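Colleague: First the structure, which I've put down as structure tokens, then a few questions once you've had a look.
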Amino acid sequence: MFWLFRRKCSKMPEQRTEPTKHPGEGQMPPSQDTLAAIGELSRVVKNNPDSVEIYLALGNLYRSQGEIERAVQIRNNLIVRPGLDKEFKIKALYELGRDYKRAGFVDRARAALEEAQALGGRNKLILSELARLAADGGDYEQAATLYSQLDHPQAEAHYLVQFARELFDKGVEAQGKKTLKKALRVYPGSLEAWLVQLTREYDAGDKDGLRKTLSDALAHVRPELSFILFEGLLSHATKGRLPDSANARTVSLSQTETELLVAVLNELESRHGEILLHYYGALILALNGRPQEASTWLERALLLDPTFWPARLDLLGLSLEEQNLSPLFHSQLEFFINKARSVKRFACGVCGLKQSQLFFVCARCGSWHSIVFRMLLTD
């Protein structure tokens, strides 16, 4: 923080004035501790009206309680104060920008932050806020530029990919490809960039290009994150087409789609000893209507880790039609399998937030590429 709140008020309980989240920001619920801190700081301000640090801290506490107007008033009073030190003016403008952002006044927030940047130069805190504003506002090219200035290659590549997608949607193919290549130069392990390339080659029916890109991607992404490539590709290939039936993992594939998935399977077969690669290989085989081979791949995964619950679940689903079960028991078992498949399979390795879909930045703690596959239901 900019201010010297702890030094001035060391006896007060430490407050977290605003949770750090991106994308999106949460709002802290009112607490007696925060209200007590506001009261204490207000008394201190009356006795020491020239203490800029305390004013800044008080404004932050007002913001944390959702009293944005009071927070804004405090910042503006500081900014126009005659003889205010430049450093404090920069801090007040920065906090004013955060106040406006919290209130949803994006243009005002940007103006305040840009004024702070003009006064203070390349300040990381200010640049970070401007980058988030650009990203939240859909200005992905600007967000990538700002994250480049922050020396944050993962975020820069992520927003370059977002910008490339926009270009592709508009039919600007050449610039889109150029932007996608730039993302991979900036951060060769960009899962987002590799996934866009893979899905585009899948849609184009380019099986040789698909396998080559997959091989290149696996050589550059972190091994523990390689499952994202297969999850993303399979989700793209089966979007809106998988039936609800617990034992049905097949869809009606064209000859070209079958050949494309076989190309992916061939790449998987060249890699051994990775449990999630066995699992996704089994899913590809099941999609292609090869349940016996799929079962074999799932059994290989269980040899590596007998507690790996998705493999057991899919083995049960694949064998469902082979069992001589009463209609009632069959229906109940199918219901159980469908419910089990709805369990959130992914989590943030930093804060533990569970998600049902792939993510590249945690919505709770803001960490990048922290996603993990929940190998155990107790994870």
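Colleague: Only one of (1) part of a helix (DSSP H, G or I); (2) modelled with pLDDT of 90 or more fails for Gly189. Which number is that?
Modeller: Tallying (1) part of a helix (DSSP H, G or I); (2) modelled with pLDDT of 90 or more, Gly189 fails exactly one: (1).
Colleague: State yes or no: is Ala57 surrounded by fewer than 22 Cβ atoms within 10 Å (Cβ to Cβ), under 34 Å from the mean Cα position of the chain (by Cα) and not charged (D, E, K, R)? Don't jump to the end; show me each part of the working.
Modeller: Values: surrounded by fewer than 22 Cβ atoms within 10 Å (Cβ to Cβ): no; under 34 Å from the mean Cα position of the chain (by Cα): yes; not charged (D, E, K, R): yes.
It is false that Ala57 is surrounded by fewer than 22 Cβ atoms within 10 Å (Cβ to Cβ), under 34 Å from the mean Cα position of the chain (by Cα) and not charged (D, E, K, R).
Colleague: Could you please let me know if Glu114 is under 29 Å from Gln162 (Cα atoms) and open to solvent by less than 10 Å² (accessible area, probe 1.4 Å)? Spell out the reasoning first.
Modeller: Details: under 29 Å from Gln162 (Cα atoms): yes; open to solvent by less than 10 Å² (accessible area, probe 1.4 Å): no.
It is false that Glu114 is under 29 Å from Gln162 (Cα atoms) and open to solvent by less than 10 Å² (accessible area, probe 1.4 Å).
Colleague: Identify all residues within the stretch 136-157 that are buried (at least 18 other Cβ atoms within 10 Å of the Cβ) and of a type in the set (A, V, I, L, M); write none if there are none.
Modeller: Hits for the stretch 136-157 are Ala143, Ala144, Leu146, Ala155, Ala157.
Colleague: For the stretch 62-81, check the following and say yes or no: at least one residue is of a type in the set (Lys, Arg) and either touching a strand residue (DSSP E or B) at 6+ places or on another chain (Cβ under 9 Å) or under 25 Å from Gln162 (Cβ atoms) (or both).
Modeller: So the first thing to find is which residues in the stretch 62-81 are of a type in the set (Lys, Arg), and the list is 63, 70, 75, 81.
Going one step further and asking which of them are either touching a strand residue (DSSP E or B) at 6+ places or on another chain (Cβ under 9 Å) or under 25 Å from Gln162 (Cβ atoms) (or both), we end up with none.
No; the residues of the stretch 62-81 include none that is of a type in the set (Lys, Arg) and either touching a strand residue (DSSP E or B) at 6+ places or on another chain (Cβ under 9 Å) or under 25 Å from Gln162 (Cβ atoms) (or both).
Colleague: From the residues in the stretch 235-273 that are open to solvent by less than 40 Å² (accessible area, probe 1.4 Å), assigned to a loop (DSSP other than H, G, I, E, B) and in contact with a Lys or Arg (Cβ under 8 Å, 6 or more places away or on another chain), which one is modelled with the lowest pLDDT?
Modeller: Per the criteria, the residue is Ala246.
Colleague: Under the condition of being part of a loop (DSSP other than H, G, I, E, B) and of a type outside the set (D, E, K, R), which residue from the stretch 85-107 is farthest from the chain's Cα centre (by Cα)? Show your work before the answer.
Modeller: Going through the stretch 85-107, the residues part of a loop (DSSP other than H, G, I, E, B) turn out to be 85, 104-105.
In the following step, the residues that additionally are of a type outside the set (D, E, K, R) were identified as 104-105.
On the way: Gly104: 22, Phe105: 24 Å.
Selected residue: Phe105.
Colleague: Sticking with this structure for a sec: Determine whether Leu184 is assigned to a helix (DSSP H, G or I) and in contact with a Ser or Thr (Cβ under 7 Å, 6 or more places away or on another chain). Lay out the reasoning, then the answer.
Modeller: Values: assigned to a helix (DSSP H, G or I): yes; in contact with a Ser or Thr (Cβ under 7 Å, 6 or more places away or on another chain): yes.
Yes, satisfied.
Colleague: Can you say whether Pro82 is assigned to a loop (DSSP other than H, G, I, E, B), under 24 Å from Ser215 (Cα atoms) and either open to solvent by 50 Å² or more (accessible area, probe 1.4 Å) or in contact with a Phe, Trp or Tyr (Cβ under 9 Å, 6 or more places away or on another chain) (or both), as far as the supplied structure shows?
Modeller: Working: assigned to a loop (DSSP other than H, G, I, E, B): yes; under 24 Å from Ser215 (Cα atoms): no; either open to solvent by 50 Å² or more (accessible area, probe 1.4 Å) or in contact with a Phe, Trp or Tyr (Cβ under 9 Å, 6 or more places away or on another chain) (or both): yes.
Judged against the criteria, Pro82 is not a match.
Colleague: Moving on. Look through the stretch 353-373, keep the residues that are under 20 Å from Leu276 (Cα atoms) and assigned to a loop (DSSP other than H, G, I, E, B), and return whichever of them is most open to solvent (accessible area, probe 1.4 Å). Please lay out each step first, then the result.
Modeller: Step one: filter the stretch 353-373 for residues under 20 Å from Leu276 (Cα atoms), giving 354-360, 369-373.
Checking which are assigned to a loop (DSSP other than H, G, I, E, B) leaves us with 356-360, 369-370.
Details: Ser356: 58, Gln357: 127, Leu358: 50, Phe359: 21, Phe360: 37, His369: 5, Ser370: 15 Å².
Among those residues, the one meeting the criterion is Gln357.
Colleague: Does the stretch 186-194 contain any residue that is buried (at least 19 other Cβ atoms within 10 Å of the Cβ) and closer than 21 Å to Glu257 by Cβ? Walk me through it before giving the result.
Modeller: Of the residues in the stretch 186-194, the ones buried (at least 19 other Cβ atoms within 10 Å of the Cβ) are 186-187, 190-194.
Within this subset, residues satisfying the condition of being closer than 21 Å to Glu257 by Cβ are 194.
There is at least one residue in the stretch 186-194 that is buried (at least 19 other Cβ atoms within 10 Å of the Cβ) and closer than 21 Å to Glu257 by Cβ.
Colleague: Is it the case that some residue within the stretch 172-181 is at pLDDT 95 or above, open to solvent by 80 Å² or more (accessible area, probe 1.4 Å), in contact with a helix residue (DSSP H, G or I) (Cβ under 6 Å, 6 or more places away or on another chain) and not hydroxyl-bearing (Ser, Thr, Tyr)?
Modeller: Among the residues of the stretch 172-181, at least one is at pLDDT 95 or above, open to solvent by 80 Å² or more (accessible area, probe 1.4 Å), in contact with a helix residue (DSSP H, G or I) (Cβ under 6 Å, 6 or more places away or on another chain) and not hydroxyl-bearing (Ser, Thr, Tyr), which makes the answer yes.
Colleague: Only one of Leu167, Leu133, Leu119, Leu160 is open to solvent by less than 20 Å² (accessible area, probe 1.4 Å), part of a helix (DSSP H, G or I) and closer than 30 Å to Ile79 by Cα. Can you tell me which? Lay out the reasoning, then the answer.
Modeller: Details: Leu167 fails: closer than 30 Å to Ile79 by Cα; Leu119 fails: open to solvent by less than 20 Å² (accessible area, probe 1.4 Å); Leu160 fails: closer than 30 Å to Ile79 by Cα.
Exactly one residue qualifies, and that residue is Leu133.
The values are calculated or read from the model by the stated rules, or taken from the named source; none is laboratory data. In this text, all values refer to a predicted model and were calculated from it rather than measured experimentally. So basically every Cβ, Gly included, is an ideal-geometry build from the backbone, and we count neighbours across all protein chains shown. Surface areas here come from the heavy atoms of the whole protein model, side chains and all, with no ligands, DNA or RNA. Shrake-Rupley method; radii C 1.70, N 1.55, O 1.52, S 1.80 Å.
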